[in-house]
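Take a look at the structure set out below.
The values are calculated or read from the model by the stated rules, or taken from the named source; none is laboratory data. Only a predicted model underlies this, so the values are computations on that prediction, with no experimental measurement involved. Here Cβ is always computed from backbone atoms with ideal geometry, including for glycine, and neighbour counts include all displayed protein chains. We work out accessible area using only protein heavy atoms, side chains counted, and drop any ligands, DNA or RNA first. Shrake-Rupley method; radii C 1.70, N 1.55, O 1.52, S 1.80 Å.
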Amino acid sequence: QAQFVESGGGLVQPGGSLKLSCAASGVRISDYAMGWFRQAPGKERERIGYISIGGHIDYLDSVKGRFIISRDNAKNTLDLQMNSLKPEDTAVYFCNAVYWTRPWGQGTQVIVSS
């Protein structure tokens, strides 16, 4: 059983919005610094943002002001609200613990295209 299951991806036009969700099992996300990662075609996986145990959130400059990371501790989910999407945001998106990395899930694909 996957510890992280990402969902919410899809096809969206530039300027549109999507909300991704990461459902965790076997781990309590509030006990770990959690990050969102993405891997674009032909590119290495990169961390686009994270939320610390204490709730501090930071992002790559390329998504800052457009993406919002949040936790829902009751649901044990990590969410990513993506606004003003650009074609360069096209990638498979993953979640994982930042330091105690678990096996990667399948991710959810986001395609931003006209």
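Take the chain with all the other protein chains still there, run a 1.4 Å probe, and you get 55 Å² of accessible area per residue.
Which value, in debye to the nearest 20, describes the size of the charge dipole of the chain about its Cα centre when Lys and Arg Cβ atoms bear +1, Asp and Glu Cβ atoms bear -1, and nothing else is charged?
Details: 12 positive and 10 negative charges, 18 e Å.
The calculated dipole for the chain is roughly 80 debye.
For segment 1-61, the Cα-based Rg and Dmax, in that order, read 13.3, 36 Å. Take every pair of alpha-carbon atoms less than 8 Å apart whose residues are at least six positions apart; their mean separation over the length of the chain yields a relative contact order of 38 percent. Here the average projected area of the convex hull drawn through the C-alpha atoms of segment 6-114 stands at 6.4 nm². Atom-type composition of the exposed protein surface of the chain places 49 percent of the accessible area on carbon and sulfur (1.4 angstrom probe). For segment 62-75, 3J(HN,Hα) computed residue by residue from phi via the Karplus equation (6.51, -1.76, 1.60; θ = phi - 60°) reads 5, 10, 4, x, 10, 9, 10, 9, 8, 10, 10, 5, 5, 8 Hz, glycine and proline entered as x.
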